[in-house]
Every structure is written in C-alpha cells, then in structure tokens.
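First the structure, which I've put down as structure tokens, then a few questions once you've had a look.
Where a number appears in this text, it was derived from the coordinates with a stated rule and is not lab data. Just so it is clear, the model here is predicted, and its values are computed rather than measured. Neighbour counts are summed over all protein chains in view; Cβ atoms, including those assigned to glycine, are modelled from backbone coordinates with ideal geometry.
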C-alpha cells in the first residue's frame, strides 16, 4: 500500500491520527459526522477495522476501541487499523438503540441495512459512507456490541448464513479462537431475511471475515468486561 487515505486524510507509515469525518447531512444541509481514529503501521500488512456503537445505547465498544487506539504504537505496528468508535451518531446522541423518534420516518436498525445506500435514508447513507471508507477495502472487521440498556451480554456472534459459512467460516472461527478468554460463541446459522443486512453477513459474502463481540450492557461501563474486550481485540491483532 503506497498511501492510506481515510476520509480525505492521508496517513504516512508510522502515523496515528483522529479526525472528524462527515458521513451524511440533514435535509437542510447540516453535517452529520463521526470521529475516525486510524493508525498506519511502520510495516506493511493487513487492515483491521473496528466499529463501535452501531446501536446508540451500547457503550462498551466505544471504550474498547478508544483504549486500543490509545495503546497502539504505529511504529511497532505491521498493517493498519481503521476505527469509528461511534458508528451511529444519530442513535448515540439521543441514547436510543436505533434511529431515534425525532427521525421517526426511518426507525432503522443500522445493523440491518449494510452495505447502505448513498441515496437512501440518513442511516443508510451513514452506513454507505462507513462501508466505502472503512469496511470495503479492509481484511478483517470487529463489530463491537453489548446488551444496551436492557441486558448484560458476554458472547460472540461468529456465524452468518450458509453462504458466508462457506466463504469465511473458518476465518471467523480463527478470530474468535484468538479472542479467547472463555467468551462463548453463538453457533446458529442465520436464515431470517431481516438479518441479511447485518454487517457480518454482508462482509462475509465479500470474503471479509467479521465477528460481533458482545460484552457489557446495563447502560454503563463495566471495567471487567471492557478489559475482556480490549484484551480480546489485542489477541486478534497479535494473531
């Protein structure tokens, strides 16, 4: 890779940076953006994408990603890390799981509309932007989730459809084995049509391994579960 360009910002080898990136706009033209944190390693290698807070009441992934990005030293990194700690600002800024009632004509779950639509509703446009800039060209995706305000979670989603199992099933298995720490894995193959817009299914179709890490919940951060997430992601980075 000669250059690494993320939302208009070029990273040199051994560089780490954070910047606000516009991902969509309201009908009146007001911008909608996310904070993007990226690191380009001094050595060439694969690109890992970390996404948090697809659902606005899920906070653990934000903290896990920020700790990873604070900790990583690009001078000692082989490859690249791209991340959006808060992927869904519409939901996060109002504390709702999905697109908030103030934009009630959507009522969309971000993790059901991948890879998005650049001419669609706001949530679909945000997804299309994240897909193009952070997901489409990467080698691996870790999708950080939790139980939100209603329940506690400690498990990994690692499987998609029968098709994605054929394409990336073994690669996903390797990811959750690396994650480790005794976190159980949900093993069902998904067949419901409404799940086909899930991130891990759409990446799997395109031969990009992706697992959904679910740690935390209850509307707050739990240090022990955040630490599990940080160590698990770090384990995958080490491989």
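Which label belongs to the value computed from this structure, given these candidates for Rg and Dmax of the Cα atoms in Å: (i) 19.6, 62; (ii) 18.9, 64; (iii) 16.7, 49?
Recomputing Rg and Dmax of the Cα atoms in Å here gives the entry labelled (iii).
Multiply the residue separation of residue 25 and residue 94 by 0.36 nm, subtract the distance between their alpha-carbon atoms, and state the gained length in nm to one decimal.
23.1 nm
Quick check for you: which residues of segment 111-140 have the amide N under 18 Å from the point 7 Å beyond the Cα of residue 163 toward its beta carbon?
112-117, 136
In µm²/s, what is D for segment 18-59 at 37 °C and 0.692 mPa s, where D = kT/(6 pi eta Rh) by Stokes-Einstein and Rh is the Kirkwood radius from Cα pairs?
Value of D from the Cα-based Kirkwood radius: 253 µm²/s.
Provide, in order from the shortest bin, the percent of all Cα-Cα pairs of segment 112-239 in each 10 Å bin, continuing until the bin that contains the maximum pair distance.
Bin by bin from 0 Å, the calculated values are 13, 40, 38, 9, 0.
Mind checking the full-extension length gain between residue 152 and residue 73? Use 0.36 nm per residue of separation minus the Cα-Cα distance, one decimal, nm.
Extra length available between residue 152 and residue 73 comes to 25.3 nm.
With each pseudo-label sitting 7 Å past Cα toward Cβ, what's the residue 5-residue 206 distance in nm, one decimal?
1.8 nm
Order by neighbour count: 3, 94, fewest other Cβ atoms within 10 Å first, most last.
Working: 3 9, 94 14.
Lowest count first: 3, 94.
Additional query: Arrange the following residues from fewest to most other Cβ atoms within 10 Å of their Cβ: 139, 224.
Exposure proxy ranking, most exposed first: 224, 139.
With 10 angstrom as the radius, rank 129, 18, 83, 193 by how many other C-beta atoms surround their C-beta, starting from the fewest.
Fewest-to-most Cβ neighbours within 10 Å comes out as 193, 18, 129, 83.
What is the gain in length, in nm to one decimal, between residue 196 and residue 12 on full extension, counting 0.36 nm per residue of separation less the C-alpha to C-alpha distance?
Additional length available on full extension: 62.6 nm.
Taking a ≥ b ≥ c as the square roots of the Cα gyration tensor eigenvalues, with a/c under 1.5 meaning rounded and otherwise prolate when a/b beats b/c, else oblate, which class fits segment 1-102? Numbers along the way, then the final one.
Numbers: a/c = 3.23, a/b = 1.73, b/c = 1.86.
Note, shape of segment 1-102 comes out oblate.
Only helical DSSP H runs with n ≥ 4 go in: add -39500 (n - 2.57) per run for the chain, normalise by residue count and round the 222 nm mean residue ellipticity to 500 deg cm²/dmol.
One gets -8500 deg cm²/dmol as the mean residue ellipticity at 222 nm.
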